[in-house]
Amino acid sequence: MSPISLQLPSGPERFHGLVLDFTGTLSLDGTLLAGVAGRLRKLAEDLTITVLTADTFVTARKQLSGLPVELRLSLIHI
């Protein structure tokens, strides 16, 4: 696994990981959006991918099963 390098206005940066939110970013109504699984597999060749979610309805676990991502439950207490 090699990092992804991007040229940013502040200069070049190397990225080793990516953190994403499940609901509204990777999915709609608890279902993984079309094409996302393939893109996650491709990105995982060079990045460690972490997906954050409250997973209230246990849909993220099912939808991301078998994909090269780490699922982390993120609960918000108000």
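The values are calculated or read from the model by the stated rules, or taken from the named source; none is laboratory data. The model shown is predicted, which means the values in this text are computed figures rather than measured ones. So basically every Cβ, Gly included, is an ideal-geometry build from the backbone, and we count neighbours across all protein chains shown. Keep in mind that these areas ignore ligands, DNA and RNA; they rest on the heavy atoms of the full protein, side chains included. Shrake-Rupley method; radii C 1.70, N 1.55, O 1.52, S 1.80 Å.
Which residue pairs have Cβ atoms under 8 Å apart, sit 6 or more places apart or on different chains, and have a first residue in segment 50-70 that is within 16 Å of Val19 (Cα to Cα) and a second that is assigned to a loop (DSSP other than H, G, I, E, B) and of a type in the set (Val, Ile, Thr)?
Every condition considered, the pairs that remain are Thr50/Val69; Val51/Val69; Ala54/Ile76.
Assess whether Gln63 counts as being open to solvent by 40 Å² or more (accessible area, probe 1.4 Å), in a strand (DSSP E or B) and more than 17 Å from Leu75 (Cβ to Cβ). First the steps, then the outcome.
Details: open to solvent by 40 Å² or more (accessible area, probe 1.4 Å): yes; in a strand (DSSP E or B): no; more than 17 Å from Leu75 (Cβ to Cβ): yes.
So Gln63 fails the test.
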